[in-house]
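Remarks on the structure that follows.
The values are calculated or read from the model by the stated rules, or taken from the named source; none is laboratory data. Bear in mind that the values here come from a model prediction, so they are computed numbers and not experimental data. A quick note on method: Cβ atoms are made from the backbone with ideal geometry, for glycine too, and the neighbour counts reach across all protein chains shown.
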Amino acid sequence: MDDTVNNVYKCIYEQLHATSKLTFFKENKEYYFPLDDVLFFETEGEYIYAHTKEDAYRIKYRHYELEEMLPKQFVRAAKSTIINTMQVYSITHNLTASSLVQFIGSHKQVYVSRYYYKELRQRINDRNSSI
């Protein structure tokens with residue numbers, strides 16, 4: 001019974017966070033939009049940016065904080081990158097180096113390191129099996 005309760009709690013928690021929003025910053029404006037619009041988060045210098053199809057917005061969180069608060073559809077792809085698996089269009093796999101990830105409806109792309117590739121593929125397979 002305890003496992004069932006924990007699983008229900010986890011599902012509810014993920015659903016609540018899936019619809020949550022972060023505050024995004026660009027120049028001197030604050031923006032609010034669903035996390036589903038984010039393709040990936042990436043570190044550039046000392047800041048982390050959330051990339052959408054059209055733009056990039058600064059956020060005020062660290063990678064480890066994002067990993068804890070983001071829904072399951074987000075997975076780390078490299079030391080400085082977290083990807084939204086629901087926005088992945090294709091992965092060009094490379095056995096000896098990083099693999100290239102392209103996103104739906106966008107020219108933007110990122111690399112997934114060999115270390116994180118297996119987890120990314122698993123999350124995408126989980127996503128596809130639940131559709």
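Side notes on the structure shown:
Each row is one residue, and each column tells you yes or no for (1) without any contact (Cβ under 8 Å) to a residue 40 or more places away in the chain; (2) closer than 16 Å to Leu22 by Cβ; (3) not small (Gly, Ala, Ser).
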| position | (1), (2), (3) |
| --- | --- |
| Glu42 | no, yes, yes |
| Ala56 | yes, yes, no |
| Glu65 | yes, yes, yes |
| Ile82 | no, yes, yes |
| Ile91 | yes, no, yes |
| Asn94 | yes, no, yes |
| Gln109 | yes, no, yes |
| Leu120 | no, no, yes |
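Let's see how each residue does on (1) part of a strand (DSSP E or B); (2) within 14 Å of His51 (Cβ to Cβ); (3) at pLDDT 95 or above; (4) not acidic (Asp, Glu):
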site: Pro71; (1), (2), (3), (4): no, no, no, yes
site: Asn94; (1), (2), (3), (4): no, no, no, yes
site: Leu100; (1), (2), (3), (4): yes, no, yes, yes
site: Ser106; (1), (2), (3), (4): no, yes, yes, yes
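- Residue in the stretch 3-22 that is at pLDDT 90 or above and not acidic (Asp, Glu) present: no
- Candidates Leu100, Leu95, Leu70: the one that is of a type in the set (A, V, I, L, M), crowded, with 17+ Cβ neighbours inside 10 Å and within 19 Å of Ile124 (Cα to Cα) is Leu70.
- Verdict on Phe41 being modelled with pLDDT under 95 and either among the β-branched types (Val, Ile, Thr) or assigned to a strand (DSSP E or B) (or both): no
- Output for the stretch 73-92, where each listed residue is of a type in the set (Ser, Thr, Tyr) and under 22 Å from Arg127 (Cβ atoms): Thr81, Thr85, Tyr89, Ser90, Thr92
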